[in-house]
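Read through the structure below, which is laid out as structure tokens, and then see the notes.
The values are calculated or read from the model by the stated rules, or taken from the named source; none is laboratory data. Not measured: the values here are computed from a predicted model. Cβ: placed from backbone, ideal geometry, glycine included. Neighbour counts: every protein chain shown.
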Number of protein chains: 2
Amino acid sequence: MDRDGRPFDLPAPDELDTPCLVVDLDRLEANLAGMAGLLAGRGVALRPHAKTHKSVAVASRQLAAGAAGLTVASLGEAEAFADAGCDDLFVAYPLWAAGPKAARLRALQERARLSVGVDSAAAAAVLGAAVAGSGRPLQVLVEVDAGLHRTGVPPGRAATVADAAGRAGLEVVGAFAHAGHAYLGPDRVAAAADDERRALEVAQSALLRAGHEAWVLSAGSTPTAARSAAGAVTEERPGTYAFGDRQQVGLGSCRRDQVALVVAATVVSAAAPGQVVLDAGSKALSMDRPAWLAGHGELPAYPGVTPARLSEEHAVCEVAPGAAAPPPGEVVAVVPNHVCPVVNLFDQLLVVRAGQLVDAWPVDARGRST
Amino acid sequence: MDRDGRPFDLPAPDELDTPCLVVDLDRLEANLAGMAGLLAGRGVALRPHAKTHKSVAVASRQLAAGAAGLTVASLGEAEAFADAGCDDLFVAYPLWAAGPKAARLRALQERARLSVGVDSAAAAAVLGAAVAGSGRPLQVLVEVDAGLHRTGVPPGRAATVADAAGRAGLEVVGAFAHAGHAYLGPDRVAAAADDERRALEVAQSALLRAGHEAWVLSAGSTPTAARSAAGAVTEERPGTYAFGDRQQVGLGSCRRDQVALVVAATVVSAAAPGQVVLDAGSKALSMDRPAWLAGHGELPAYPGVTPARLSEEHAVCEVAPGAAAPPPGEVVAVVPNHVCPVVNLFDQLLVVRAGQLVDAWPVDARGRST
């Protein structure tokens with residue numbers, strides 16, 4: 001493992017009740033400014049995905065740094081940010097707005113600048129019924145599949161969904177895509193960014209040809225946002241760039257010395273030979289791990305120590321022969337593989353600057369997946 | 001896949017805001033009574049692990065059904081249950097009681113019948129310092145390794161840790177083990193249960209020989225509790241038995257028609273051929289998956305539909321050729337692979353009896369991993 005950057009300084013161990021999340025404010029601010037500057041230079045709007053941090057404090061800094069609004073993944077996240085006054089919101093998800101979600105969607109639309117995703121005529125009809133009779137039409141973006149094969153129609157068929165949306169009384173404003181196949185490995189990022197751009201260009205043509213609007217063409221992920229050529233793309237939705245994580249380092253989307261969040265953990269046992277055990281298990285580090293990464297995170301200060309097995313409250317770390325390992329009682333920083341599910345496990349972010357604890361931010365939208 | 005049991009009935013879809021957790025009260029109560037009866041018949045105390053449910057409502061039912069007290073995994077869980085009056089608590093974890101944990105441990109000891117785990121002389125010294133001068137000694141159980149090789153000393157060396165605990169002013173009351181290697185597969189359960197019992201018998205001999213007490217010999221996991229012969233074991237600490245899950249069905253610890261908790265999810269997209277997408281991703285189902293199980297859960301009503309890929313808010317389910325699949329908008333029940341990390345993602349449990357919503361219980365200790 002190369003070590004091109006050192007971890008940021010943690011506060012004194014007796015200020016930390018582990019496991020806990022620690023955010024370095026200088027690095028966070030630099031990450032926010034960096035992405036904002038990159039996209040401004042390209043003439044593309046930044047609508048960061050708030051599912052990464054679920055934090056009003058981070059969202060406010062993104063908006064202050066020039067973001068056009070926020071992306072969220074659920075109505076619950078949208079409500080949490082609207083409650084705090086961050087009310088220009090795109091729900092980048094094919095919402096099925098039936099049952100309790102119908103009334104929630106309608107209430108939210110009345111107090112926020114809201115747009116939502118749609119990828120079928122059936123979902124469009126349900127969305128239309130949910131907001132029927134409200135003061136203004138609900139704005140929707142047609143989701144198109146850029147190669148991830150998760151949700152979204154083939155880009156050439158965007159107009160079919162848009163037609164249905166129009167019939168349901170919705171206002172089609174464009175299309176969105178997520179080239180999540182960029183996460184399949186560092187060698188996939190450039191092609192995925194191209195796929196995303198091309199899918200949106202095909203969708204744009206299809207929409208315009210059928211007489212729809214297409215003034216929003218929204219792409220989004222941290223690896224593709226950092227590398228894509230603009231083309232027809234009008235907006236990017238990166239999320240993880242705020243904090244970075246081990247996966248983003250591996251994908252080349254950030255350097256190690258830009259990672260702005262770590263899980264602080266204590267060595268609680270070294271009873272078995274060749275290993276140490278941390279008090280951060282799957283309920284702190286999550287089990288997310290791309291197939292191309294071994295281990296459940298890394299310890300910047302101990303490159304020979306790898307979290308090899310997680311149970312709920314334990315990380316069993318293998319110690320390479322001859323490698324330095326932290327003794328029982330030491331508080332160590334762990335860079336998680338994927339920061340988004342990790343933040344969703346905690347209620348607060350401890351904020352440090354130059355190793356001093358300066359704030360604690362609530363994870364306002366934690367668990368708001370509904 | 002065999003289908004030896006049908007799922008319990010969910011409430012009407014418009015009563016559910018998905019993704020959400022639904023607990024069947026009849027099945028839960030039967031599971032609690034079943035384990036209590038099994039262990040009472042064997043003359044072994046039941047101290048259920050509350051990390052599974054993190055819920056005072058479930059814990060109260062366990063205590064009412066005859067449990068001797070609760071097991072927890074962290075000080076935070078212990079505090080949450082003590083706050084609710086469930087105050088006979090064993091922290092089955094090698095606590096490192098430094099920093100903020102020292103004061104918390106001491107405060108908790110003053111208001112609860114508390115015991116904690118210890119697996120090193122160093123941790124014993126830290127525990128002793130944390131509670132020095134308090135009115136009564138802190139009770140500890142020496143953790144011994146029954147073959148999982150996570151935490152715990154070899155059983156024959158239990159007295160070394162006990163000696164250190166005695167010097168630190170702690171009261172040694174016995175030993176505990178967790179044969180988590182039972183989860184490596186159905187063919188491992190019986191041997192793991194034997195390992196656990198034998199490890200505790202060896203620890204008992206070592207402790208008694210060195211002049212220590214050993215009146216608590218605590219074993220614990222749902223698969224081993226269901227199958228072990230008592231031997232010297234005085235107490236079992238199963239957790240998952242309350243709800244069951246797909247992994248427990250696979251291990252033979254419960255039947256499909258005993259699974260008492262499901263994730264209710266809505267089909268939000270069927271845009272890509274051969275699959276349907278649910279609104280329950282890794283932030284609802286977790287990524288926990290034993291190596292011997294394919295997929296991230298199962299849909300009892302649709303055996304040909306498998307959650308094959310999770311992203312944070314999506315489950316991409318493969319539909320076997322010719323198999324029935326739920327249409328967009330349908331609310332389906334998903335049995336998760338491992339229920340414990342799933343419950344920790346949600347703030348409440350919806351409770352049903354005969355398909356009628358009868359209550360909602362908070363997940364009181366959600367996120368209390370510290």
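Observations, loosely collected:
- Qualifying residue in segment A:129-150 (condition: surrounded by fewer than 17 Cβ atoms within 10 Å (Cβ to Cβ), at the interface with chain B (Cβ under 10 Å from one of its Cβ atoms) and in a loop (DSSP other than H, G, I, E, B)): yes
- Odd one out for residue A:307, checked against (1) part of a strand (DSSP E or B); (2) facing chain B (nearest Cβ under 10 Å): (2)
- Condition met for residue A:225 (buried (at least 24 other Cβ atoms within 10 Å of the Cβ), modelled with pLDDT under 95, within 17 Å of residue A:52 (Cβ to Cβ) and hydrophobic (A, V, I, L, M, F, W, C)): yes
- Segment B:70-94, residues that are surrounded by fewer than 24 Cβ atoms within 10 Å (Cβ to Cβ) and either of a type in the set (Asp, Glu) or part of a loop (DSSP other than H, G, I, E, B) (or both): B:74, B:79, B:83, B:84, B:85, B:86, B:87, B:88
- Qualifying residue in segment A:250-260 (condition: within 13 Å of chain B (Cβ to nearest Cβ) and either under 27 Å from residue B:54 (Cβ atoms) or within 19 Å of the chain's Cα centre (by Cα) (or both)): no
- If the condition is being under 24 Å from residue A:61 (Cβ atoms) and either free of Cβ contacts under 8 Å to residues at least 40 places away in the same chain or touching a Cys at 6+ places or on another chain (Cβ under 9 Å) (or both), then segment A:199-226 contributes A:222, A:226.
- Candidate set: segment B:291-311, residues that are surrounded by 20 or more Cβ atoms within 10 Å (Cβ to Cβ) and touching a Gly at 6+ places or on another chain (Cβ under 6 Å); chosen: the one farthest from residue A:150 (Cα to Cα): B:306
- Matching residues, segment A:313-360, being closer than 18 Å to residue B:101 by Cβ, within 11 Å of chain B (Cβ to nearest Cβ) and not in a strand (DSSP E or B): A:313, A:314, A:327, A:328, A:329, A:330, A:346, A:347
- If you filter segment B:197-221 down to residues that are at pLDDT 95 or above and within 17 Å of residue B:49 (Cα to Cα), you find that the one that is surrounded by the fewest Cβ atoms within 10 Å (Cβ to Cβ) is B:216.
- Scanning segment A:261-290 for residues that are surrounded by fewer than 19 Cβ atoms within 10 Å (Cβ to Cβ) and more than 26 Å from the chain's Cα centre (by Cα) gives A:272, A:273, A:274.
- Residue match in segment B:262-277 (condition: in contact with a Gly (Cβ under 9 Å, 6 or more places away or on another chain), within 23 Å of residue B:148 (Cα to Cα) and not aliphatic (A, V, I, L, M)): no
- The one condition from (1) at negative phi; (2) free of Cβ contacts under 8 Å to residues at least 24 places away in the same chain that residue A:322 does not meet is (1).
- Candidate set from segment B:279-291 (those that are part of a loop (DSSP other than H, G, I, E, B) and either of a type in the set (D, E, K, R) or touching a helix residue (DSSP H, G or I) at 6+ places or on another chain (Cβ under 7 Å) (or both)); member that is farthest from residue A:310 (Cα to Cα): B:279
- Some residue of segment B:98-118 being closer than 22 Å to residue A:16 by Cα, within 14 Å of chain A (Cβ to nearest Cβ), touching a Gly at 6+ places or on another chain (Cβ under 9 Å) and among the hydrophobic types (A, V, I, L, M, F, W, C): yes
- If you check B:78, B:82, B:50 for being under 17 Å from the mean Cα position of the chain (by Cα) and either more than 25 Å from residue B:263 (Cβ to Cβ) or of a type in the set (D, E, K, R) (or both), only one passes: B:78.
- Residue list for segment B:41-65, restricted to those being surrounded by fewer than 17 Cβ atoms within 10 Å (Cβ to Cβ) and either at pLDDT 95 or above or within 14 Å of another protein chain (Cβ to nearest Cβ) (or both): B:60, B:64
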